[in-house]
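S.K.: Quick one: the structure is below, and I'll ask about it shortly.
The values are calculated or read from the model by the stated rules, or taken from the named source; none is laboratory data. Owing to the predicted nature of the structure, the values given are computational and were not obtained by experimental measurement. Here the Cβ positions follow ideal geometry from the backbone for every residue, glycine too, while neighbour counts run over all protein chains shown. Keep in mind that these areas ignore ligands, DNA and RNA; they rest on the heavy atoms of the full protein, side chains included. Shrake-Rupley method; radii C 1.70, N 1.55, O 1.52, S 1.80 Å.
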Amino acid sequence: MQTTAIPFTRKDFGDDFLWGVTISAFQNEGAFNTDGKGLSIWDTFASRKGKIKDRSHAQVATDFYNRYTQDILLAKLLGFSVFRFSLAWSRIMPKGTGAVNQAGIDYYHRVIDACLELGLEPYITLYHWDLPQALEHKGGWSHRGVVFAFEEFVRICAREYGNKVKNWIVLNEPFGFTALGYMLGVHAPGKFGLSWFLPAVHHAALAQAEAGRVIRQEVAGANIGTALSCSKIIPYTNSEEDVQAARRADALFNRLFLEPALGMGYPEKDFPLLHRIERRYALWRDWDRLPFDFDFIGVQNYFPLVVKYNYFMPVVKIAEVKARYRNVPLTGLGWEISGNGLYEILKQFSAYEGVRKIIVTEGGAAFPDQLTADGRIADTARIEYFREYLSGVLKARREGVPVEGYFAWTLTDNFEWAEGYRARFGLVHVNFDTQQRIIKDSGYWFRKLLTERMQ
């Protein structure tokens, strides 16, 4: 079922609703080896033949490293009040631990100061997938040492920036970087199998909580969250096999990192394989370290998932019923467009007693944008996407769901991981040859929504 977009203005969301736009370090900064920065796992992965669909890399990306003032000005021009960005771990600590790169520290001070000077509230993401390659040589997220390395990194960042920045997001989509990077091998670092995935899950869940505690200790008045990818899971039929497959999928996609943070442990009842974490990878004291009382949960929802039972799928026995076979509206990446899916997942997450506040920390759509003869990007489909998804947010908010913000992904077209530069999500078009920025119609739509005088 699709959500019908309803007419709304900014005023309908309330004066305290947060309107933000987001980017990430690796996807935007470029300057991959500039001013003392170390390599990340994505620098290494993108250099391997066949890993990026358009054979590109992010050594320059959108050159945010040098053009940050221009891009932050664009965010302000479009009417946003929050600018979410991430810190490149290997720019601050080139080897992941030990020596600190002062040039990296100074760079993020300049970015933060630029936001504050324009009245944009910075939301810092501490980990957005770009693990230092030096740590991957030691086993990466599959090695327990990464928890202590991340804690060290977070403490340095909190002490450096905590007097200016109060809003912190610990991890970006931990299920995404563990499943895609350590089980399926399609993202960095390109590892395959449960023997990598299960310890990576456990160490990411531990790091998520430990980092939260570090920020709480170091930053007075901190507002701390973590950003979780999630999808409404829908069984293909009402058969018991499909319903059970949907429960397993929900345990993996939606509950794997949320429930440990809430003190509920891993969702082993619906996905018994997770019991291997306790048997093989966890220490007895870990169960007291997994929970953390986050001030908000970041929800990152792009599409629902329809699943069915499949005996031939190893371990999970789950298969996705692809959206392109179901006669539903699609983005340029073939993802189902469903504002109702976002509404449903907001309801699902808000039902947990420990979830007091939700922010949609990412939302957006890739489409094959084309320049018109007069130099515009008439991305009507993206505008309709945002109308539908914001309608889902407003519906949930009116029903009492404590959803208090929406951050659009993303400000500018950028390096979209394994898709390279083909998948354009931006509100601002980027010519990657010249780095010219052109505001798309969707960007002007947000500016009108966010800056028109409230009636």
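S.K.: What is the spin-label model distance, in nm, from GLU353 to ALA103 if the labels are put 7 Å beyond Cα along the C-beta direction?
M.R.: Label-label distance for GLU353 and ALA103, simple model: 5.2 nm.
S.K.: For P(r) over Cα pairs in 10 Å bins from 0, in percent, the choices are (i) 5, 22, 33, 26, 12, 3, 0; (ii) 4, 21, 33, 29, 11, 1, 0; (iii) 4, 18, 23, 20, 15, 11, 6, 2, 0; which was calculated from the structure?
M.R.: Matching entry in (i) 5, 22, 33, 26, 12, 3, 0; (ii) 4, 21, 33, 29, 11, 1, 0; (iii) 4, 18, 23, 20, 15, 11, 6, 2, 0: (ii).
S.K.: Further question on the same structure: Over the chain, average the accessible area per residue using a 1.4 Å probe and give it in Å², no decimals.
M.R.: With all protein chains present, the chain gives 40 Å² per residue.
S.K.: To the nearest 0.05, how large is the calculated FRET efficiency for PHE312 and GLN244 if R₀ is 22 Å and r is the Cβ-Cβ distance?
M.R.: 0.85
S.K.: Separate question: So what does CYS230 come to for accessible area, using a 1.4 Å probe and Å² rounded to 10?
M.R.: Roll a 1.4 Å probe over it and CYS230 shows about 10 Å².
S.K.: Residues with amide H under 5 Å of ASN223's amide H, sequence separation 5 or more or different chain, H placed in the peptide plane at 1.01 Å from N; which?
M.R.: ASN167, TRP168
S.K.: Tabulate in residue order the Karplus-calculated ³J(HN,Hα) for the range 57-72, using 6.51 cos²θ - 1.76 cosθ + 1.60 with θ = phi - 60°, rounded to whole Hz; enter x for Gly and Pro.
M.R.: Karplus values, whole Hz, x for Gly and Pro: 8, 10, 5, 10, 6, 9, 6, 4, 4, 9, 10, 4, 5, 5, 6, 5.
S.K.: Here's a follow-up. Using just the helices of the chain, give the 222 nm mean residue ellipticity in deg cm²/dmol: DSSP H runs with n ≥ 4 each add -39,500 (n - 2.57), and the total is spread over all residues, rounded to 500.
M.R.: -11000 deg cm²/dmol
S.K.: Run the Debye formula on the Cα coordinates of the range 351-420, all scatterers equal and no solvent, and tell me log10 I(q)/I(0) at q = 0.25 1/Å.
M.R.: Computed log10 I(q)/I(0) values: -1.17.
S.K.: Quick check: residue separation of ASP441 and ASP288 times 0.36 nm, minus the Cα distance between them. What number comes out in nm?
M.R.: Taking 0.36 nm per residue and subtracting the Cα distance, the gain is 50.2 nm.
S.K.: Here is a further query. Enumerate the amide H contacts of VAL403 below 5 Å, restricted to partners 5 or more residues apart or on another chain; note that Pro and chain-start residues carry no placed amide H.
M.R.: Under 5 Å from the amide H of VAL403: ILE358.
S.K.: Another question, then. Please tell me which of these pairs span more than 25 angstrom C-alpha to C-alpha: LYS232/LYS322; LYS53/LYS95; LYS269/LYS395?
M.R.: Where the Cα-Cα span goes over 25 Å, the pairs concerned are LYS53/LYS95; LYS269/LYS395.
S.K.: Report the calculated FRET efficiency for ALA220 and THR9 (r = Cβ-Cβ distance, R0 = 41 Å), to the nearest 0.05.
M.R.: Computed FRET efficiency for ALA220 and THR9 comes out at 0.70.
S.K.: Please work out how much length the chain gains when fully extended from GLU320 to ASN66, using 0.36 nm per residue of separation minus the C-alpha to C-alpha distance, in nm with one decimal.
M.R.: 87.3 nm
S.K.: Moving on. List the trypsin sites (Lys or Arg not before Pro) in the range 352-455 that DSSP assigns to loop (not H, G, I, E or B) and whose Cβ has at most 10 other Cβ atoms within 10 Å. Which are they?
M.R.: The qualifying sites are ARG453.
S.K.: Can you list residues whose amide H is under 5 Å from VAL307's amide H, if they're 5+ apart or on another chain and H is modeled 1.01 Å from N?
M.R.: ILE234, TYR236, VAL321
S.K.: Once you treat every alpha carbon in the range 193-348 as an equal point and sum by Debye, what is log10 I(q)/I(0) at q = 0.18 Å⁻¹?
M.R.: Ignoring solvent entirely, the Cα scatterers give -1.16.
S.K.: How large is ³J(HN,Hα) for each residue in the range 100-105, as worked out from phi by the Karplus curve 6.51 cos²θ - 1.76 cosθ + 1.60 (θ = phi - 60°), to whole Hz, x for Gly and Pro?
M.R.: 9, 8, 4, 4, x, 4
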